[in-house]
Amino acid sequence: MFEAFGWNDLIPLLNGALLTIELCLTAGVIGSVIGVILGVARTSPRRVAKTISSIYINVIRGIPILVIIFFIFFGLPMLFPDLELSKFASAVVALTAFSAAYVGEVVRGSIEAVPAGQSEAAEALGFGYFRKLRYIILPQATKIAVPPGIGFIIGLIKDSSLVAVIGYIELTKAGSVVSNLTGDPITTFLIVGAMYFVICYGISLIGRWYEKRTGIHITSRRLRQPAGI
Amino acid sequence: MALYYGDLLPFTGILLQGLWVGLYVTVIAMLAGSVLGVLLYLGKSGRSRVLSGFSSGYIEVFRNTPLLVQLYLIYFGLPQLGLNVSSIWAALIGLTLNNAAYTAEIYRAGFEAVPVGLREAASALGMKGGDIVRYVLLMPATRNVFPSLTNQFILLFLASSIGSIISLPELTNAIMDVSNTTYRTVEALSIGGLLYFVVSWLLAMGSRYTEARLFRWARRSHV
């Protein structure tokens with residue numbers, strides 16, 4: 001009935017790993033763009049922008065990503081019957097919604113970590129809000145944001161395993177399929193885990209190298225929080 | 001489609017039951033994981049090469065792989081070895097092992113943040129060894145660790161939703177049950193999301209309040 005785990009079974013797993021990377025790249029890039037806007041809005045002097053962004057970030061961070069995935073995949077088509085989202089699109093929307101909130105928090109923390117004197121000096125020199133942001137605050141905040149940003153990418157890759165529940169065949173779902181075919185969950189999921197480990201640990205090494213090279217460590221407790229478990 | 005929350009009323013008990021299971025699993029995994037985390041931290045920072053290598057490896061492996069894959073390995077892998085595990089045991093084991101890796105790193109960061117110079121200063125001033133450990137190491141380290149640990153508790157509570165994938169009857173599982181019986185998917189998910197949000201917000205508030213009360217002694221110092 002079962003065939004033992006063989007070299008051929010690696011192909012769907014490698015394919016799944018590629019889809020995981022594709023998914024995370026898409027959601028990560030779109031989410032980061034929205035996240036930067038949210039983070040800047042949260043530190044802006046405008047009350048309305050601040051409130052909206054803060055509500056969004058706190059609500060998303062207080063709900064498990066699995067519930068968000070279920071909401072996008074099962075809930076949205078009920079609210080908008082004309083909307084037809086593929087599994088990939090649903091996965092991207094859910095992970096983007098999540099990424100935006102986490103990047104928003106990272107950006108907010110990094111902007112706040114830039115010494116207040118920088119902002120005051122820019123104002124004293126007659127810089128307007130946007131010029132101050134563009135030339136003084138953001139370049140410094142970007143450097144601070146790298147280590148927690150890398151933590152966020154690792155969290156995103158790990159959390160992307162959850163889109164397996166809506167049947168999108170990324171790495172974890174590919175693992176389930178191969179495990180059912182071979183009847184060998186231990187070998188299969190050890191390999192799946194090893195693939196995640198290679199991707200995530202590799203990225204974390206980049207982060208360590210950056211911290212060593214620049215001497216920038218995460219000092220703020222807020223920025224140290226991992227994005228996902 | 002008009003939203004109607006009335007259909008959910010008869011299921012209030014099921015949702016609260018799910019919330020209870022989620023919290024219960026989280027509390028046990030947090031307690032067990034924190035103890036295991038202390039051992040991992042001691043192993044990692046200790047003198048034994050073997051122990052420190054094992055602890056570092058454990059921490060990196062659990063922090064760089066998804067919880068879902070860890071749960072699958074336990075839930076589907078253990079029966080392959082002839083050990084049958086229920087979903088609740090699989091979730092408890094998985095969340096505990098996973099949490100231990102994160103708490104170990106929290107302890108490390110908390111203890112490393114206490115400056116060595118303080119201890120040297122204390123001993124130069126003639127403080128006794130036991131007092132130094134208590135007042136100059138453990139108390140400031142506890143204060144560093146506390147907010148990260150409570151935050152980890154909230155993250156773990158949210159992560160317990162992943163247990164629903166291996167059919168742990170916690171809140172997310174209850175939400176999907178209610179959604180499948182009533183076809184009120186949007187309503188069930190939004191009420192469930194609200195429950196998660198309120199509970200994690202209450203936990204965050206509670207932790208901030210406790211922190212303020214517990215560490216009043218440190219308010220003016222920079223230890």
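The values are calculated or read from the model by the stated rules, or taken from the named source; none is laboratory data. Computed from a predicted model, the values in this text were never measured in an experiment. Ideal geometry is used to build each Cβ from the backbone, glycine not excepted, and the neighbour counts take in all protein chains shown. Heavy atoms of the whole protein, side chains included, go into the accessibility calculation; ligands, DNA and RNA do not. Shrake-Rupley method; radii C 1.70, N 1.55, O 1.52, S 1.80 Å.
For B:P169, only one of the following conditions fails: (1) away from every other protein chain (no Cβ under 12 Å); (2) open to solvent by 40 Å² or more (accessible area, probe 1.4 Å); (3) more than 20 Å from the chain's Cα centre (by Cα). What is its number?
With (1) away from every other protein chain (no Cβ under 12 Å); (2) open to solvent by 40 Å² or more (accessible area, probe 1.4 Å); (3) more than 20 Å from the chain's Cα centre (by Cα) applied to B:P169, the lone miss is (3).
Which numbered condition trips up B:S161, out of (1) in contact (Cβ under 8 Å) with a residue 12 or more places away in the chain; (2) of a type in the set (S, T, Y); (3) out of contact with any Asp or Glu (no Cβ under 9 Å at 6 or more places or on another chain)?
Only one criterion in (1) in contact (Cβ under 8 Å) with a residue 12 or more places away in the chain; (2) of a type in the set (S, T, Y); (3) out of contact with any Asp or Glu (no Cβ under 9 Å at 6 or more places or on another chain) is unmet by B:S161, namely (3).
Could you go through region B:91-105 and let me know if any residue there is in contact with a helix residue (DSSP H, G or I) (Cβ under 9 Å, 6 or more places away or on another chain) and over 23 Å from B:S148 (Cα atoms).
First, the residues of region B:91-105 that are in contact with a helix residue (DSSP H, G or I) (Cβ under 9 Å, 6 or more places away or on another chain): B:91-105.
Narrowing further to those that are over 23 Å from B:S148 (Cα atoms): none.
Checking region B:91-105: not a single residue is in contact with a helix residue (DSSP H, G or I) (Cβ under 9 Å, 6 or more places away or on another chain) and over 23 Å from B:S148 (Cα atoms).
Taking A:A145, is it modelled with pLDDT under 95, open to solvent by 50 Å² or more (accessible area, probe 1.4 Å) and among the hydrophobic types (A, V, I, L, M, F, W, C)? Steps first, please.
Working: modelled with pLDDT under 95: yes; open to solvent by 50 Å² or more (accessible area, probe 1.4 Å): no; among the hydrophobic types (A, V, I, L, M, F, W, C): yes.
Answer is no for this residue.
Given B:G22, B:G37, which one is more than 22 Å from A:V165 (Cα to Cα) and either open to solvent by 30 Å² or more (accessible area, probe 1.4 Å) or within 14 Å of chain A (Cβ to nearest Cβ) (or both)?
Numbers: B:G22 fails: more than 22 Å from A:V165 (Cα to Cα).
Just one listed residue meets the conditions, B:G37.
In the list B:I106, B:I132, which residue meets the criterion of being in contact with a Ser or Thr (Cβ under 8 Å, 6 or more places away or on another chain) and either open to solvent by 40 Å² or more (accessible area, probe 1.4 Å) or facing chain A (nearest Cβ under 10 Å) (or both)? So that I can check it myself, show each step before the final result.
Working: B:I132 fails: either open to solvent by 40 Å² or more (accessible area, probe 1.4 Å) or facing chain A (nearest Cβ under 10 Å) (or both).
Criteria check complete, one pass: B:I106.
Output yes when any residue across region A:201-208 is open to solvent by less than 20 Å² (accessible area, probe 1.4 Å), away from chain B (no Cβ under 14 Å), closer than 24 Å to A:V29 by Cβ and in contact with a helix residue (DSSP H, G or I) (Cβ under 6 Å, 6 or more places away or on another chain), and no when none is.
Looking through region A:201-208, none of the residues is open to solvent by less than 20 Å² (accessible area, probe 1.4 Å), away from chain B (no Cβ under 14 Å), closer than 24 Å to A:V29 by Cβ and in contact with a helix residue (DSSP H, G or I) (Cβ under 6 Å, 6 or more places away or on another chain).
With the requirement that a residue be more than 7 Å from chain A (Cβ to nearest Cβ) and part of a helix (DSSP H, G or I), what does region B:58-88 give you?
Filtering region B:58-88 for residues more than 7 Å from chain A (Cβ to nearest Cβ) gives B:58-59, B:62-63, B:70-71, B:74-75, B:78-79, B:81-88.
Within region B:58-88, B:Y58, B:I59, B:F62, B:R63, B:Q70, B:L71, B:I74, B:Y75, B:L78, B:P79, B:S87, B:I88 qualify.
Within region A:1-33, restricting attention to residues that are more than 25 Å from A:V198 (Cα to Cα) and touching a Gly at 6+ places or on another chain (Cβ under 8 Å), which residue is surrounded by the most Cβ atoms within 10 Å (Cβ to Cβ)? Reasoning before the result, please.
The initial filter retains those residues of region A:1-33 that are more than 25 Å from A:V198 (Cα to Cα), namely A:1-3, A:33.
Those left that are additionally touching a Gly at 6+ places or on another chain (Cβ under 8 Å): A:1-2.
Working: A:M1: 3, A:F2: 9.
Only one residue fits best here, namely A:F2.
Can you pull out every residue in region B:44-57 that is away from chain A (no Cβ under 14 Å) and open to solvent by 10 Å² or more (accessible area, probe 1.4 Å)? Lay out the reasoning, then the answer.
Taking region B:44-57 and keeping what is away from chain A (no Cβ under 14 Å), we get B:44-55.
The answer is B:K44, B:S45, B:G46, B:R47, B:S48, B:R49, B:V50, B:L51, B:S52, B:G53, B:F54.
Can you find a residue in region B:110-122 that is farther than 30 Å from B:Q17 by Cα, open to solvent by 60 Å² or more (accessible area, probe 1.4 Å) and within 11 Å of another protein chain (Cβ to nearest Cβ)?
The answer is yes, given that some residue of region B:110-122 is farther than 30 Å from B:Q17 by Cα, open to solvent by 60 Å² or more (accessible area, probe 1.4 Å) and within 11 Å of another protein chain (Cβ to nearest Cβ).
Okay, residues lined up against (1) among the hydroxyl-bearing types (S, T, Y); (2) touching a Cys at 6+ places or on another chain (Cβ under 7 Å); (3) crowded, with 16+ Cβ neighbours inside 10 Å; (4) free of Cβ contacts under 8 Å to residues at least 60 places away in the same chain:
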{"position": "A:P81", "(1), (2), (3), (4)": "no, no, no, yes"}
{"position": "A:E84", "(1), (2), (3), (4)": "no, no, no, yes"}
{"position": "A:S90", "(1), (2), (3), (4)": "yes, no, yes, no"}
{"position": "A:T96", "(1), (2), (3), (4)": "yes, no, yes, no"}
{"position": "A:V107", "(1), (2), (3), (4)": "no, no, yes, no"}
{"position": "A:P115", "(1), (2), (3), (4)": "no, no, no, yes"}
{"position": "A:E123", "(1), (2), (3), (4)": "no, no, no, yes"}
{"position": "A:G128", "(1), (2), (3), (4)": "no, no, no, yes"}
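Among (1) surrounded by fewer than 21 Cβ atoms within 10 Å (Cβ to Cβ); (2) among the aromatic types (F, W, Y); (3) within 21 Å of A:I65 (Cα to Cα), which single condition is B:Y72 missing?
Checking B:Y72 against (1) surrounded by fewer than 21 Cβ atoms within 10 Å (Cβ to Cβ); (2) among the aromatic types (F, W, Y); (3) within 21 Å of A:I65 (Cα to Cα), the one that fails is (1).
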